[in-house]
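The values are calculated or read from the model by the stated rules, or taken from the named source; none is laboratory data. The model shown is predicted, which means the values in this text are computed figures rather than measured ones. Quick reminder, even Gly has a Cβ in these numbers, built from the backbone with ideal geometry, and neighbours come from all protein chains shown.
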Amino acid sequence: MIWPWYDGSEQVNPAIAASPLRDDDIDALMTGIGRAARTAATALGRAGRAEKDAALHAAARSLRNSVPAIRAANEMDMSAGRARQLTPALLDRLMLDEKRIEAMAKGLEDIAALPDPVGRILAEWTRPNGLRIARKSTPLGVIGIIYESRPNVTADAGALCLKSGNAAILRGGSESYHSSRAIWDCLQAGLEEAGLPREAIQMVPTTDRAAVGKLLAMTDYVDVIVPRGGRSLIERVQADARVPVFAHLEGLVHMYLDRAADPAMATELVVNAKMRRPGICGALETLLVHRDCLTTILPGILEKLLAAGCEIRGDDTVRALDNRVVPATELDWRTEYLDAILSVKAVADLDEATDFIEAHGSHHTESIVTDDQVAADAFLDRVDSAIVMHNASTQFADGGEFGMGAEIGISTGRMHARGPVGLEQLTSFKYVIRGSGQARPS
């Protein structure tokens, strides 16, 4: 079927893109995208570093040259978000200004500067019979990325897939539709300038949710799905996907203030972890406080958080310290607020803190603040989350901050990729065996 409103590169009529499509139309659309992605993945897997890096640099230039167009597209999404009464934190995730657009462009250049993850010899050895065996990194193939709210994911995901030799099928959220497409246009311009297939980075041209269902079942064309969003999205992907999934569950992030925490450090880290950007997945959601710190450190922290506009929900012990603290319910201990809200609980010791994290957390990111190295080591050993920290803000839970250039998301699973999903995590491997005429004995 020929789609006059979509050829893989041209702008989509927003009225059509936002309207529900017939099931057979969705099937034809997504099958076409999948087939094109598979062909592009073959070409991209054969491309050298110079071509891939040239595309990234060209896309970065296009982003800088397209600031007015990107901001205009973003304002359409922001206006719609304000009309839908999105929270300030969600609007912050959605907003693109010149600084954030420049950060995206710089991120593409940072990815280009990283070593090529494809073709690396991961291990090699020689068998007694003379066979030489090597394990060599390869692209995964075609990666489907489903994400919400943050349009900068379009640049990060597209660039990481490109650098790692994978074709990408991007499906952003409806709230960031126009912003994501404006960014995608720049990625496409970069591919074209470098002589690489534009179909190497495609964007699903409809907000119809049925397209997501089709993408999750495209086993002939898609090798892995990376979802990035809230619990409802992740649960749907995990329930419906027939393609392997790198799971990014919600960020139920904890920080534990140990009895040996430095007061000034603890105050700075808690306020930064919660309030720097409350809407990101590494934002602090639950603060656990050793009972010995309740009257010495916690009051000053509560004062700074409340003054910054953060709502505090606490247990009875915490509420007794400040009448502005509202009662916490059991649901609060399991809620990713993504907003200026923090739940605070008093605990007897490190054992209770780690038990609480295991019972209520999502295995994303946890941090301990303490000057006691023994306590720090125990926390880092016991807590089974993708990222564990000592004396650091949880807002560092980010692939760029890890030196990975960027990330597609934080995987909270235990298979293949865990923690920030960057270039290395977007590759697989094959075994290359060189012989000199060896035949296996009968």
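Things worth noting here:
- Every pair of residues 6+ apart whose Cβ atoms lie under 9 Å, when the first sits in segment 37-52 and is closer than 15 Å to residue 144 by Cβ while the second is surrounded by fewer than 18 Cβ atoms within 10 Å (Cβ to Cβ): 38/220; 40/198
- Members of segment 284-325 that are part of a helix (DSSP H, G or I) and among the basic types (Lys, Arg): 291, 304, 319
- Residue 228 meets the conditions (1) surrounded by 23 or more Cβ atoms within 10 Å (Cβ to Cβ); (2) on the phi > 0 side of the Ramachandran plot in every case but one. The failed one is (2).
- Condition check for residue 366: surrounded by 16 or more Cβ atoms within 10 Å (Cβ to Cβ), within 15 Å of the chain's Cα centre (by Cα) and not in a helix (DSSP H, G or I): no
- Output for segment 111-137, where each listed residue is of a type in the set (Val, Ile, Thr) and closer than 21 Å to residue 399 by Cβ: 111, 118
- Pair list, Cβ under 9 Å, 6 or more apart: segment 119-135 residue polar (S, T, N, Q), other residue surrounded by 11 or more Cβ atoms within 10 Å (Cβ to Cβ): 126/132; 126/133; 129/435; 129/438
- Among the candidates 91, 56, residue that is under 26 Å from the mean Cα position of the chain (by Cα) and modelled with pLDDT under 95: 91
- Failed item in (1) closer than 26 Å to residue 275 by Cα; (2) in contact with a helix residue (DSSP H, G or I) (Cβ under 6 Å, 6 or more places away or on another chain); (3) among the hydrophobic types (A, V, I, L, M, F, W, C), with residue 194 passing the rest: (1)
- Any hit, segment 383-403, residues being β-branched (Val, Ile, Thr), within 20 Å of residue 427 (Cβ to Cβ) and in contact (Cβ under 8 Å) with a residue 40 or more places away in the chain: no
- Test for residue 425: is it assigned to a helix (DSSP H, G or I), at pLDDT 95 or above, closer than 18 Å to residue 228 by Cα and not acidic (Asp, Glu): no
- Qualifying residue in segment 124-144 (condition: more than 30 Å from residue 441 (Cα to Cα) and among the acidic types (Asp, Glu)): no
- Here residue 279 fits the description: touching a residue at least 24 places away in the same chain (Cβ under 8 Å) and either in a helix (DSSP H, G or I) or closer than 20 Å to residue 94 by Cα (or both).
- Within segment 126-168, the set of residues being more than 15 Å from residue 44 (Cβ to Cβ) and of a type in the set (Ser, Thr, Tyr) comprises 126, 147, 149, 154.
- Test: residue in segment 327-344 that is touching a Ser or Thr at 6+ places or on another chain (Cβ under 7 Å), in a strand (DSSP E or B) and outside the structural domain of residue 87 (by TED's automatic domain parsing): yes
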